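The structure under discussion appears below in the form of structure tokens.
The values are calculated or read from the model by the stated rules, or taken from the named source; none is laboratory data. Since we're looking at a predicted model, the values are computed, not measured. Virtual Cβ from ideal backbone geometry, glycine too; neighbours counted across all protein chains shown. Just the protein is used for accessible areas: all its heavy atoms, side chains included, with ligands, DNA and RNA removed. Shrake-Rupley method; radii C 1.70, N 1.55, O 1.52, S 1.80 Å.
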Amino acid sequence: MEKTLILLKPDCVQRRLIGRIITRFEDKALTIVAMKLLQVTPELAKQHYVEHVEKPFYPGLEEFITGAPVVAMVLEGLEAIRVVREMLGKTNGLQAAPGTIRGDYSSSRQMNLVHASDGPAAAAREIELYFDSTELCGYEPVLTPWFRASDE
Ligand code: CMP
């Protein structure tokens, strides 16, 4: 089982797409183990996007990510990190394939609706950035036997 950090970004919240995007993750048998609406501060943005802080596009990215609330979630599932990244599609919505979340809903490189951790190290770091360990709710979804065989 893997956990991954998801942010439904300010464009997703403002465009009233929260429900539709969460539905796609639930339909894929990913389990929400933590979730909250919060306002990203400039300090949190710099910590989250530490590898982009020196890049020319960072000021615009910070203005965007702090411009309205985000929904932070931890999703759990088999190979969840890769599965979610593939569900999102390419970073730039204009290049993301139809059928992916960005391919279906985004026409922008910056306003690409959803952030997801890009690997196990990033997932661990980002989950800790947004959630206290007591906020993670471990539980066994009753539908698991209907989503996959016991040896998968
Ligand atoms: P995300 O996957 O959340 O992580 C970094 C974000 O920076 C990315 O989504 C885009 O929203 C944004 N981004 C990446 N490259 C660029 C760029 N060249 N110009 C503007 N924003 C970018």
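In table form, for the structure just shown:
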quantity	calculated
Breaking point among (1) open to solvent by less than 90 Å² (accessible area, probe 1.4 Å); (2) over 14 Å from Asn112 (Cα atoms); (3) within 10 Å of the ligand (Cβ to nearest atom), for Glu51	(1)
Meets criteria (of a type in the set (Phe, Trp, Tyr) and closer than 30 Å to Leu143 by Cα) for Phe25	yes
Long-range neighbours under 9 Å by Cβ, at least six apart or interchain, first residue farther than 23 Å from Ala123 by Cβ within the range 48-68, second part of a helix (DSSP H, G or I) and of a type outside the set (S, T, N, Q)	Gly67/Pro10; Gly67/Asp11; Ala68/Pro10; Ala68/Asp11; Ala68/Val13
The lone exception for Arg15 - which of (1) within 11 Å of the ligand (Cβ to nearest atom); (2) of a type in the set (Lys, Arg); (3) open to solvent by 50 Å² or more (accessible area, probe 1.4 Å) it fails	(1)
Residue satisfying all of: in the range 18-48; open to solvent by 20 Å² or more (accessible area, probe 1.4 Å) and among the aliphatic types (A, V, I, L, M); nearest to Asp151 (Cα to Cα) among these	Ala29
Phe131 being closer than 18 Å to Ile32 by Cβ, out of contact with any strand residue (DSSP E or B) (no Cβ under 7 Å at 6 or more places or on another chain) and aromatic (Phe, Trp, Tyr)	no
Residues (open to solvent by 50 Å² or more (accessible area, probe 1.4 Å) and either within 16 Å of the ligand (Cβ to nearest atom) or β-branched (Val, Ile, Thr) (or both)) located in the range 98-119	Tyr105, Ser107, Arg109, Gln110, Met111, Asp118
Test: residue in the range 79-94 that is touching a residue at least 40 places away in the same chain (Cβ under 8 Å), surrounded by 15 or more Cβ atoms within 10 Å (Cβ to Cβ), of a type in the set (Asp, Glu) and over 19 Å from Met111 (Cβ atoms)	no
